[in-house]
Amino acid sequence: MANHYDVAIIGSGPAGYVSAIRCAQLGLKTVCIEEVANQNEAALGGTCLNVGCVPSKALLESSLIFSNTNHNLKDHGIEVSEVSLDVNAMHLRKDKIVSSLTKGVSGLFKLNKVDTVQGKAYISDPHTIKVSTEGTDQNIRAENIILATGSRPIELSDYPFDEEFLFSSNGALKFSEVPNRIAVIGAGAIGLELGSVWARLGSEITIYEALTDFLPNADDSISKEALRIFQQQGLNIELGTEIESLEVIGNQVEVKVSNDEINNLQVDKVIFAMGRNPTSKGLFDPALGIQIDDKEFVIVDEHCQTQVPNIYAIGDLVRGPMLAHKASEEGIMVAERIAGRNYSLNYKNIPFVIYTHPEIAWAGYSEKSALEEGIQVEVGTFPFQANARALTSNESTGFVKVVVNQEDDSIIGVHVLGPSAADVVQQGLIAMESNVTAKELGSVMFSHPTVSEALHEAVLSAKGNAIHLNNRKKK
Ligand code: NAI
């Protein structure tokens, strides 16, 4: 039957589209159903490609070039005058990148013979999905169903997004001109990245964060130094501060806050970046037995299987961090398992990245979380100030920190604030996943001059053997 599939995947973000391609590669007849339409066709790629990771990184790059051109060329002996900004051209570049990547997904679907259906999906029984598209319904039958509907920005009921004054992270990627003053609510990855974009382009930014700790999930030494650097860059980060009220007066928003020590503020725009909620409502008949927790996450086991054995859920819709790479890997795991293969993920080593400048990245245990679990650790750090490549690039703020288990010399955490942090952490993560010990990583040859040498030196410093550093302990 034409509409009978081995696997039907609902959602085409990094969880769904990657899973669809892997299912097809494994010989499974696969369809991907996507609600969002672009000119009557399914708009593939989900949040990450369309309104998340990709467009935000495009703007981060453009805004960094603008800021460096204005402020950091003199050091290199380069003088420029009359630097001007064309926000529209910046958006066009961003849109072109998004379009090329989403078309790429569409091409990969065709190449792998993944069918695409545009419409809103509803699972009516364990093998039937009703897909509604502007007045017409069709039923798709599938042996297995994978839910990959992602998440959406958290919205306060008193202050719904109007995308004119009160913006979601989607709308904050599209300002047609640089606002004078912006209030950002939430100092997580999205608040810091979007705050950085508009600050570099000239906006005055105040970020309100309810928690008193800055980036509580990062290693303490990294969060402390990052906060200092961001404040120096002009991001005004107010910790322990919640919004009391927001009022649109004329073309300004008056922001009143809970913290008596902080003045109320008049801003042009407010960006909400308080986290995201899973999109799990209205997806399936409640009688099926798929369970949802109090935060609306679909409950799954370690292999992303729901209580209904042939129905799986992956990505932002389920427990764990809302990260594109975690979502994609879950998509692959489920595809492999449906194809009858044994496949599991190591959820302990998920890399985290915040694309600020300097970049922040980490994987594994922080020093504190290791000690809290009673693990005796050796810690090594190395500053980019002592790294030749970082110095030649004027990128010498920050440092690498590694956490090593004293008992077996395994590397259990890598934390970086600085240039190419994500890539340096990835190198540490490969060592961690491959059970390479600190001693072994210390004896690997690293190219000179590279920022990766800072990882090498940090590992050596855990042993008191760093070369370009006054080791605190000597061995
Ligand atoms: P988040 O959960 O990382 O941070 C939200 C922050 O807002 C928290 O620190 C929270 O304490 C604060 N907050 C919540 N309510 C508040 C209130 N009423 N007033 C003031 N502060 C408040 O969420 P974010 O930044 O919105 O990102 C959403 C998801 O997307 C996260 O899971 C994140 O990991 C992911 N993401 C990852 C990126 C990356 O890997 N670079 C980039 C963007 C998003």
Among the listed residues THR133, THR128, THR149, identify the single one that is within 16 Å of the ligand (Cβ to nearest atom), in the same structural domain as VAL31 (by TED's automatic domain parsing) and touching a strand residue (DSSP E or B) at 6+ places or on another chain (Cβ under 7 Å). THR149
Residues in the stretch 159-171 that are away from the ligand (no atom under 14 Å from the Cβ) and within 13 Å of GLN252 (Cα to Cα) total 2
Cross-chain or 6+ apart pairs with Cβ under 6 Å, the stretch 273-299 first and part of a loop (DSSP other than H, G, I, E, B), then charged (D, E, K, R) and at pLDDT 95 or above: THR279/ARG152; SER280/GLU296; PHE297/ARG319; ILE299/ASP293
Looking only at the stretch 200-210, which residues are aliphatic (A, V, I, L, M), in contact (Cβ under 8 Å) with a residue 60 or more places away in the chain and surrounded by 21 or more Cβ atoms within 10 Å (Cβ to Cβ)? none
Under 7 Å between Cβ atoms, at least 6 apart or on separate chains: pull out the pairs that start in the stretch 362-374 with a residue that is free of Cβ contacts under 8 Å to residues at least 24 places away in the same chain and end on any residue that is surrounded by fewer than 23 Cβ atoms within 10 Å (Cβ to Cβ). LEU371/VAL377
Name the one entry in LYS348, LYS326 that is part of a helix (DSSP H, G or I), basic (Lys, Arg) and within 23 Å of LEU192 (Cα to Cα). LYS326
Set SER196, SER223: member being surrounded by fewer than 23 Cβ atoms within 10 Å (Cβ to Cβ), within 16 Å of the ligand (Cβ to nearest atom), closer than 25 Å to PRO351 by Cα and of a type in the set (S, T, N, Q): SER223
Take the residues in the stretch 226-241 that are more than 16 Å from the ligand (Cβ to nearest atom) and not hydrophobic (A, V, I, L, M, F, W, C), then tell me which one is surrounded by the fewest Cβ atoms within 10 Å (Cβ to Cβ). GLN232
Quick count over the stretch 242-286, residues being crowded, with 20+ Cβ neighbours inside 10 Å, within 12 Å of the ligand (Cβ to nearest atom), under 17 Å from PHE161 (Cα atoms) and not aliphatic (A, V, I, L, M), is 1
Filter the stretch 158-171 for residues that are surrounded by fewer than 23 Cβ atoms within 10 Å (Cβ to Cβ) and part of a strand (DSSP E or B); the one that is farthest from the chain's Cα centre (by Cα) is TYR159
State which residue is nearest to the chain's Cα centre (by Cα) when the search covers only the stretch 353-381 and only residues that are small (Gly, Ala, Ser) and not in a loop (DSSP other than H, G, I, E, B). ALA361
The stretch 172-192: number of residues that are surrounded by fewer than 20 Cβ atoms within 10 Å (Cβ to Cβ) and either within 11 Å of the ligand (Cβ to nearest atom) or closer than 13 Å to PRO153 by Cβ (or both): 1
Would you be able to say whether some residue in the stretch 303-314 is within 16 Å of the ligand (Cβ to nearest atom) and crowded, with 19+ Cβ neighbours inside 10 Å? yes
List pairs: first in the stretch 225-247 and under 26 Å from LEU156 (Cβ atoms), second more than 14 Å from the ligand (Cβ to nearest atom), Cβ under 6 Å, 6+ apart or cross-chain? LEU235/ALA199; LEU235/ILE205; LEU246/VAL253; GLU247/GLU254
Can we say CYS48 is touching an Asp or Glu at 6+ places or on another chain (Cβ under 8 Å) and either assigned to a helix (DSSP H, G or I) or not hydroxyl-bearing (Ser, Thr, Tyr) (or both)? no
For the stretch 199-214, how many residues meet the condition of being of a type in the set (A, V, I, L, M, F, W, C) and within 8 Å of the ligand (Cβ to nearest atom)? 2
Contact list please: Cβ distance under 6 Å, first residue in the stretch 250-272 and on the phi < 0 side of the Ramachandran plot, second residue acidic (Asp, Glu), pairs at least six apart or on different chains. GLU254/GLU247; LYS256/GLU244; VAL257/GLU244; SER258/GLU242; SER258/GLU244; ILE262/GLU238; GLN266/GLU254
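The values are calculated or read from the model by the stated rules, or taken from the named source; none is laboratory data. Predicted model only: the values in this text are computed from it and were never measured. Every residue, glycine as well, gets a Cβ built from its backbone with ideal geometry; the counts of neighbours run over all protein chains shown.
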